[in-house]
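Participant: Sharing a structure, written as structure tokens. Questions coming.
The values are calculated or read from the model by the stated rules, or taken from the named source; none is laboratory data. The structure presented is a predicted model; accordingly, all values stated were derived computationally and were not measured. Cβ sites come from the backbone with ideal geometry, for glycine too, and all protein chains shown count toward neighbours.
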Amino acid sequence: MFYLAKNQLSGQAQAMPQGKRLDWSSRFAFLAEASKHPSLKAFYQHGVVAASTPIADVSLVALDFETTGLDPRRDSIVSIGLVPMTISRIRCNGARHWVIKPETRLHSSSVMIHGITHSVVEDAPEFSTIIDTLLAHLQGKTVVVHYSAIERRFLHAALMRHIQEGIEFPVIDTMEIEARYTRTWRQTLWNGLMGRQPSSIRLTDSRTRYHLPYYRQHHALTDALACGELLQAQCATHFTPSTPLSALWS
């Protein structure tokens, strides 16, 4: 998992509409009519859970990508990890992990982070070979990520390259949730007065606040699991089982 600073996001095209006010049910219905690729059309036709659904009743899938860099216009996905879950259960038997042959140069700087080398990807499948399977694993579930700009933008860009259609989907962003509760205006003011840096909302640091165990970072499947566990801890701490999905997703 890579992390983008806010200044690194400036100037990048938005892959999809953002914000809690978006009517995802209507959007999916429109996209189901407009999509041409069979698997993408099926993804949209399956629909999206209603925003009013209690979070305890929502089927989720934690998703993480490792990439060759930070810019989806110049970089590409090199591995994908996903774990189906709910706020009370992690379904490890449904977890999936793929190493993908990147479509762009595999930089040494990214190899140092995720450890996926040229020899590892030499015989790896191309992204096009897993599109159908990946979309099938995502359909009907709400995606959980830690910093949505990575998974949303890179998946959109990858599909545009291969099927000439992008993708739109709502997400629960555990980084955004963590910022909501650790970077309030009171905390920001106090940190400023005390000369302190804002609390880190990176995945590992966020997990530490909930006394979750340390996992080695930058493996897509492990990071997906870590993200899913973090959401469970956040829900247990800040929400109730009856909290509507609309309070968490975007």
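Participant: Got a sec? Which of ASP123, ASP132 is in a helix (DSSP H, G or I), over 18 Å from the mean Cα position of the chain (by Cα) and more than 23 Å from LEU203 (Cβ to Cβ)?
Facilitator: The conditions single out ASP132.
Participant: Moving on to the next point. Could you check, for region 109-118, whether at least one of its residues is among the β-branched types (Val, Ile, Thr) and assigned to a loop (DSSP other than H, G, I, E, B)?
Facilitator: Checked region 109-118: at least one residue is among the β-branched types (Val, Ile, Thr) and assigned to a loop (DSSP other than H, G, I, E, B).
Participant: Kindly indicate the residue of region 14-28 that is over 16 Å from HIS46 (Cα atoms) and modelled with pLDDT of 50 or more and also surrounded by the most Cβ atoms within 10 Å (Cβ to Cβ) among those meeting that condition.
Facilitator: Filtering first and then ranking leaves LEU22.
Participant: Specify the residue that is surrounded by the fewest Cβ atoms within 10 Å (Cβ to Cβ); the eligible residues are those in region 128-155 that are of a type in the set (D, E, K, R) and closer than 13 Å to PHE43 by Cβ.
Facilitator: ASP132
Participant: Is there a residue being under 20 Å from the mean Cα position of the chain (by Cα), at pLDDT below 95 and closer than 30 Å to ARG74 by Cα anywhere in region 222-242?
Facilitator: no
Participant: Filter region 77-108 for residues that are farther than 14 Å from ALA224 by Cβ, in a helix (DSSP H, G or I) and at pLDDT 95 or above and give the result.
Facilitator: ASN93, the sole residue that qualifies.
Participant: Under 7 Å by Cβ, and 6 or more places apart or on different chains, what pairs join a residue from region 120-138 that is under 16 Å from PRO38 (Cβ atoms) and among the charged types (D, E, K, R) with one that is at pLDDT 95 or above and surrounded by 15 or more Cβ atoms within 10 Å (Cβ to Cβ)?
Facilitator: Cβ pairs passing all conditions: ASP132/SER39.
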